[in-house]
């Protein structure tokens, strides 16, 4: 007989962490509670796959983890994004949690690469204003990650100057007493802190937001990202940070697009110090980075990736009797 066991094993680094001045990591009290949003594709596959299969177990596990919701105009357009934000805020409130959203609809998004798309400048202004109004009206504490890669990728894309007014307008539209906004902060193996700080200062918004987000959709370890965030913060007048730990359980390989044999990282809300406000699962684990290394289109559900990412937390055992 085959016995299939779903084991909830602690992920490497899944305890609460706090980086002390001497560089040691120790337990930190009172982690935040990010909202548990339905991972639509994971939930669908968990319900549709045969029970007990690797595909079903991996999807079921990921569907139960607090993960940020990505607002993209292709799915949540003008006129629909406000009600979506309101529903997300209510869901977070019902859980006694913090709403966690990603804004991803900037003109020229992803420099025409795997996640190409976005809105015109005029529509982007309308769209972000609708989001900001809904966040403010909800009264629910909300973490807003604003346009991952928009600053770190801008020099390569040749549109660094264009980004400043676009992000300035978005920050104005999204600002609310109950919103903490984090702009793009790149990651520890991309630009140096000095270079990235220069790019961020050119945007002219760092004094109007809570801080920056690092490692979004990437794989660098919490320890490396905390060190990077502290350096970057020191160059930006003490700006705070959040870190994406969704897929960094075994660190990175230097490859950003579907590198093989990665794992989920520390549980959301468990990594923080005086600079890093928290870690979150920002990139949705199980979604592809793009058509590279055998993956489907960017953002599409990839069952094989979900199985590998959860290999240390979902265990299938065969026992013959």
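Any read-out appearing in this document is the output of simple, stated calculations on the displayed coordinates, not a laboratory observation. All of these numbers come straight from a predicted model, not from anything done at the bench. Neighbour counts are summed over all protein chains in view; Cβ atoms, including those assigned to glycine, are modelled from backbone coordinates with ideal geometry.
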Checklist line | Fewest-first sequence of 147, 194 by Cβ atoms within 10 Å of each Cβ | finding: 194, 147
Notebook entry, point to check: Most fluctuating residue of 143, 32, 51 in a GNM of the chain with Cα springs under 10 Å: which is it?
Noted result: 51
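Arrange 288, 99 by Cβ neighbour counts within 10 Å, fewest through most, would you?
Fewest-to-most ranking of 288, 99: 288, 99.
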Notebook entry, point to check: If each Cα of the stretch 81-151 is one equal point scatterer, what is log10 of I(q)/I(0) from the Debye formula at q = 0.21 Å⁻¹?
Noted result: -0.88
Next item on the list: Would you calculate a helix-derived [θ] at 222 nm for the chain, using -39,500 (n - 2.57) for each DSSP H run of n ≥ 4 and dividing by the full residue count, to the nearest 500?
Entry: -10000 deg cm²/dmol
Check: Restricting the count to DSSP beta bridges whose residues both fall in the chain, what percent are antiparallel, rounded to a multiple of 5?
Finding: 15
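Between residue 64 and residue 51, what is 0.36 nm times their sequence separation minus the Cα-Cα distance? Round to one decimal in nm. Mind showing how you got there, number by number?
On the way: separation 13, 0.36 × 13 = 4.68 nm, distance 1.60 nm.
That works out to 3.1 nm of additional length.
For residue 315 and residue 133 in the same chain, what is the full-extension length gain: residue separation times 0.36 nm, less their Cα-Cα distance, in nm?
Length gained between residue 315 and residue 133: 61.1 nm.
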Margin query: Between helix 81-95 and the chain, what is the angle of the helix's C-alpha long axis to the longest principal axis, kept within 0 to 90° and rounded to the nearest 10?
Written below: 50
Check: Helix 160-174 versus the longest principal axis of the chain: what angle, 0 to 90°, nearest 10, using Cα atoms?
Finding: 80
Next item on the list: Please build a GNM for the chain, connecting alpha carbons under 10 Å apart, and tell me which residue among 220, 159, 258 fluctuates the most.
Entry: 159
Next item on the list: Express the relative contact order of the chain as a whole percentage, based on alpha carbon pairs under 8 Å and six or more residues apart in sequence.
Entry: 22
Check: Based only on the alpha carbon positions, what is the Kirkwood hydrodynamic radius of the chain, in angstrom?
Finding: 19.9
Next item on the list: Take 212, 114, 199 and order them by how many other Cβ atoms sit within 10 Å, fewest up front.
Entry: 114, 199, 212
Next item on the list: Between residue 125 and residue 250, take the C-beta separation as r, use R0 = 35 Å, and let me know the FRET efficiency to the nearest 0.05.
Entry: 0.30
Item checked: Simple label model, 7 Å out from Cα along Cβ direction - residue 261 to residue 178, nm -> 4.7
Next item on the list: Please give the FRET efficiency for residue 86 paired with residue 230, using the beta carbon to beta carbon distance and R0 = 25 Å, rounded to the nearest 0.05.
Entry: 0.10
